[in-house]
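Working notes, beginning with the structure itself.
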Amino acid sequence: MLSIKNLFVSVEGKEILKGINLEINPGEVHAIMGPNGSGKSTLANVLTGKEGYDITEGEVSYNGEDLLEMAPEDRAKEGIFMSFQYPVEIPGVPMVNFLKTAVNEHRKHRNEEPLTAGEFLKLMREKKELVEMDTQLTNRSVNEGFSGGEKKKNEIFQMALLEPKLAILDETDSGLDIDALKTVARGVNALKSPERSTVVVTHYQRLLDYIVPDFVHVLYNGKIVKSAGKELAHELEAKGYDWIKKENGN
Amino acid sequence: MSVLVEKTDFSLKLIGHYNEVKAQLETDSPALINNARKKAFQDFVLQGIPTFKNENYKYTNLQPLFFIDYSYNHIKEKSDVNLKEVFRCNVPQLDTHLVLNRNGWFCDNNNESNLPEGIIINSLRNIAKTNPELIQDFYAKIANTEEDPMVALNTAMATDGYVIYIPPNVQFDKAIQVINLMENNSDTFITQRNLIIADPGSKVSVLICDHTLNNNKYLGNSVTEVFAGENAQIDYYTIQNQHNNSATINSLFIKQERDSNVLTNTMTLHGGLIRNNLKVLLNGENCNSDILGMAFMDRKQHIDNFTQIIHAKPHCLSNQLYKNVLDDESTGVFSGRIHVVRDAQKTNAFQRNNNLLLTDQAKMNTKPQLIIDADDVKCSHGATVGQIDEEALFYIRSRGIAEKDARLMMMNAFAHEVIQEVKLEPLRDRIDELVDKRLRGEIARCHDCSYDCDC
Amino acid sequence: MEEQDKILNEVTQGEYKYGFVTDIDTDIIEKGLNEDVVRLISAKKEEPEFMLQFRLDAFRKWQKMKMPDWAYLKIPPINFQEISYFAAPKKKAQYESLNEVDPELLETFNKLGIPLEEQKHLAGVAVDAVIDSVSVKTTFKETLAEKGIIFCSFSEAVKEHPDLIKKYLGQTVPVADNFFAALNSAVFSDGSFCYIPKGVRCPMELSTYFRINAANTGQFERTLIVADDDSYVSYLEGCTAPMRDENQLHAAVVEIITMERAEVKYSTVQNWYPGDKEGKGGIYNFVTKRGVCRGESSKISWTQVETGSAITWKYPSCILIGNNSVGEFNSVAVTNNYQQADTGTKMIHIGKNTKSTIISKGISAGKSDNSYRGLVKVLPKAENSRNFSQCDSLLLGDTCGAHTFPYIEVNNKSSVVEHEATTSKIGEDQIFYCNQRGISTEDAIGMIVNGYAKEVLNKLPMEFAVEAQKLLQISLEGSVG
């Protein structure tokens, strides 16, 4: 469903990704690990279409289409969802408003009737339970005044609402205590299906105890230097990233 | 001239005076200084002495100051003032290179010669005569005579002042202390013109001390142009400590090239009427400008800080903080403008003005302004006028501290935000001490200063 | 929520949608201005002598005045002799019911979405519609009369309540207050008058809709609101104009007086034609609005959403005379394309314990300039007064400007004045976040801007709030690549 071929990306003239190759099929869970600064977040941002990244070489196709040509909102409507590492606060924009618009944009894209207010609220209630979202939170402005944990839960809650085909979780575990981490993981696992693929971008192996990957890739210095099954995550945890750095001559 | 007809003002008096002394000024001065006079004088005639009607002087009317018949020191008098004897307001533990100006004239006999290679500290008149190449690209280049009549008047009447030149990559560790004295046997109008040039990569600290030495009435009108070359660093401190009969209009123009760092801190402890104009032009990328000021005014004193920060290039940072404590019937004015020019993206410009009014007769007028023509910016300003926080006061008192002392603590704390930005530690301690004395109502004068005036 | 959807749907349709010309027979006097014209206007309106003298006094003072030039505006020279100072729909008569109103006119109001028709009784809004300076219809008059409330056109008030007019007209905005107020005082053709008697809370929102229709005319309406002791009224004002290539002048005056413990809420949604994308045409909106809190503990609040006009020059102010009186100013001003706005407020604290709050949200896009200008003045006797001001500017694009010019003058030690202002660009990360959830950039901007302006929009009565939200979005269409 997602095919990345020889992707080179630079930011303000500095090369960050140096030839990424990655194939993701429906239903698979891929973990992308790597030390800080290895290019993990860059990869996530490029896939979702954030500005400021120069794609100097390579291609990304998504369900047979050129992903890089698509506007961020079109990618979203085609089923790509990102759980942001740092979800931005948007003061004055109510969560409910924001989410309803998003959901109905998705529906419109699929030629479905927009949900009425009543239907939408019902849907929201269902999905909230999934991540144990505090009802109060959806009455606030988008992410405003949310704690770190609440923001991450809110991301997964939105994922549940929008039902993406490809979910990218960017450092969803960072800054979470173990209970929040479990809740988030439970939410992600509940959404698992044969059609839905997940990319878990993380620095730590911890999250992968709860969201078990089919494949683990190690990103280092802009390249995927190792790919294997879930056991690779444990190996990394045991040996640390220095091991990778040494192997790659640093 | 028609502009002036409707004004029954003292501009005519000044214009008449200028026409009388023009020939003499030109004979006595070097060409470099003379060349700027004509246009400057025209600009003054067009604008006249500022009144409330001039938006830039909305809260400071200069007209009444010109009622007095001043003597003008257009010719240099022989001065045998020995700086070391007359003026002992030194800062303990601070090794400074001393420079003295008396009534606008540079005093050669106090000019120390033990300067590191290449650094020049001398009289403007001397340099303009003997080494005009050094300053010709700088003199009267940023002090715009069309925007302020007092700058125009200064440029028209300029005869002398000081020049400080720091060559490329020279870091002068000793602070330069410039003492500007007003001391004459009659009421005097003083024009002083200064220039500071810090070449690329250089570093210098300058401490300006404005003082009056006797009780005559003084009206000072000085202009200082400061050029910070690429990656240069200039710290420019001013301590104003003048008596109630004095009035000072200081105009400071600063042009910063890329990667330069300039700090200005204007600390006003005493003075009859003080107007500080400050215009900073950030003319290269990645400049940093810290602009601080504070004033403690009482009786009928008047302080007006007027600043304009122009972000002409992207990626610069400016930070302004001005604080005033106003007692008795004093008046404070702050007018600060941040102008972000189109395409000066990634600008960060901040400004804050906080004021304490201690009596019902004291007044504060503040006019913070933002003019923003680029979009990728972070700009803010904040202004407050109020009193000492009663809750904090109560908290201090509840710990057994007398109200008077608690108030002093709070006022010191209020001022400390500005003082703490003084990088020279001995100077910082000294100012802390001066401020504390000032707030206790004691004369903010140095212990062993020999001058005797009712200030 | 449904409303939100409707808004978003309607937003997609584009440019200035209020720009239709109504085909009604109008009675226009010759262009130009002199004493005879002033007399003619007064005569046409069959005014009593005191009104004529009021006008002539204003006119004579106006002749000696100059157009103000201190605002951050580039105003092309205006030839005041090229304007017609009076244009009234010809069929003007006393309307007993809506059936008698010119159907074209009713159609106009329908297009504007003005709840004029009888079924809108349920909406609980009494409307005085002013088209080309003349008040056409005041609804709900009888209902209001039961409570002793006077709400009628200005001309009618001059005839039926001359004592009140004599007593209050020009008290708050003196004839020579400023150039445009003087002009208005000389030539105003109509407007609304509202008097709320002691102890009466007006049971419904009162509303005036202004529309300029005829070409080459200026609109000069006059609004006077007097709220007697312990009374309350919420007053709404809406403005539209047809699309025309030439600029048209609108110079209105609004005066409000509140007595002891009275409260007036005045809300404006200003949507005069802003000119086209190249800056051609549009209304010059030079308005003087001022309220005086005469009585103790009285309150005046101005809320404005300014999206229209080529040039806006407007500073709704409060003079807080009564002890414990309160002034509020809440503003959202949007400029796009070549629009210019210099708007803000004055809060003059005279009485003890007076309070004022200023919230201003400026949004600039295109090649526009948007300035906040304000004065907070605390006089020596205004002990324990408080002011808080928050003036924020949002920039959309790198060719527009946002400027802030506050003046703060404090003359006693027991008052506290705080002013804060920020300027920043619209958050790209916020837009991207919305994009990532499938929301288009245009919608995202609409949402973010509405969120940004929410504090002010919330102060508007419900019906207006919805319209205002729509306007914000429409005004900013096409402002981003």
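How many angstrom lie between the Cα centre of region A:136-181 and the Cα centre of region A:190-236? Here the two parts' Cα centres lie 19 Å apart. Here, region A:2-247 has an Rg and a Dmax of 17.9, 58 Å when only alpha carbons are counted. Of the trypsin sites (Lys or Arg not before Pro) found in region B:9-55, those in coil by DSSP whose Cβ has at most 11 other Cβ atoms within 10 Å are B:LYS53.
Excluding same-chain residues fewer than 8 positions from A:LYS246, which aspartates and glutamates have a Cα within less than 17 Å of its Cα? Once the sequence-local aspartates and glutamates are set aside, what remains near A:LYS246 is A:GLU235, A:GLU237. Our summary gives chain B a relative contact order of 11 percent, counting only alpha carbon pairs under 8 angstrom and 6 or more residues apart. Between B and C, roughly 2700 Å² of accessible area is buried in total, ligands, DNA and RNA not counted and the probe set to 1.4 Å. At a probe radius of 1.4 angstrom, the accessible area of region A:2-247 per residue rounds to 43 square angstrom. Springs join every pair of Cα atoms under 10 Å in this Gaussian network model of chain A, and among A:PHE157, A:PHE146, A:PHE98 the largest mean-square fluctuation is at A:PHE98. Region B:184-200 and region C:152-185 have Cα centres spaced 58 Å apart.
Beta bridges per DSSP, both residues in the protein assembly as shown: antiparallel share near 15 percent. Go through A:LYS50/C:LYS280; C:LYS147/C:LYS289; C:LYS277/C:LYS454; B:LYS363/C:LYS361; C:LYS299/C:LYS454; B:LYS13/B:LYS38 and tell me which ones have a Cα-Cα distance over 25 Å in this structure. Beyond 25 Å: A:LYS50/C:LYS280; C:LYS147/C:LYS289; C:LYS277/C:LYS454; B:LYS363/C:LYS361.
Rounded to the nearest Hz, the phi-derived 3J(HN,Hα) couplings of region C:166-177 under the Karplus curve 6.51 cos²θ - 1.76 cosθ + 1.60 (θ = phi - 60°) are 4, 6, 10, 5, x, 6, 8, 10, x, 3, 9, 4, where x marks glycine and proline.
With the simple model of a label 7 Å out from the Cα in the direction of the Cβ, C:LYS66 to A:GLU231 spans 9.0 nm. Using +1 at the C-beta of Lys and Arg and -1 at the C-beta of Asp and Glu, which of B:THR191, A:ALA102, B:ILE254 has the Cα lying farthest in the positive direction of the dipole of the protein assembly as shown? Of B:THR191, A:ALA102, B:ILE254, it is B:THR191. Could you give the distance between the Cα centres of region A:1-70 and region C:397-473, to the whole Å? Going from one Cα centre to the other spans 35 Å. If a helix is a whole DSSP H run, which ones in chain A reach 20 Å or further along their own axis (Cα) and hold a mean Kyte-Doolittle hydropathy of at least -0.5? Both cut-offs are met by A:117-131. For the chain pair C and A, the buried solvent-accessible surface (1.4 Å probe, both sides summed) amounts to about 2400 Å². Just the protein heavy atoms count here, and of the accessible area of the protein assembly as shown at 1.4 Å, carbon and sulfur take up 47 percent.
With N the number of residues in region C:327-450, Rg(Cα) / (2.2 N^0.38 Å) evaluates to 1.27.
Taking every alpha-carbon pair within region A:27-161, the share separated by more than 20 Å comes to 54 percent.
If you put +1 on each Lys and Arg Cβ and -1 on each Asp and Glu Cβ, how big is the dipole of region A:1-93 around its Cα centre, in Debye rounded to 20?
Working: 7 positive and 15 negative charges, 72 e Å.
So the dipole magnitude of region A:1-93 works out to roughly 340 debye.
Among the GluC sites (Glu not before Pro) in region A:45-74, those placed in a DSSP loop whose Cβ has at most 13 other Cβ atoms within 10 Å are A:GLU51.
Loop exposure criterion: GluC sites (Glu not before Pro), DSSP state outside H, G, I, E and B, at most 12 other Cβ atoms within 10 Å. Applied to chain B, the longest stretch between such sites is B:118-441. Over chain B, the hull volume per residue, using the convex hull of the C-alpha atoms, is 143 Å³. Loop-located GluC sites (Glu not before Pro) in region C:233-316 (DSSP state other than H, G, I, E, B) with a sparse environment of at most 14 neighbouring Cβ atoms within 10 Å: C:GLU246, C:GLU278.
Quick one: plug the Kirkwood hydrodynamic radius of the protein assembly as shown (C-alpha pairs) into Stokes-Einstein at 4 °C, 1.567 mPa s, and report D in µm²/s. Write down the numbers at each step before the final one.
Working: Rh = 34.0 Å.
D = 38 µm²/s.
The values are calculated or read from the model by the stated rules, or taken from the named source; none is laboratory data. Bear in mind the structure is a predicted one, so any value in this text is a computation, not a measurement. Cβ coordinates were reconstructed from backbone atoms using ideal geometry, including for glycine residues, and neighbour counts include every protein chain displayed. For the accessible areas, the whole protein counts, side chains as well, though only heavy atoms, and no ligand, DNA or RNA atoms are used. Shrake-Rupley method; radii C 1.70, N 1.55, O 1.52, S 1.80 Å.
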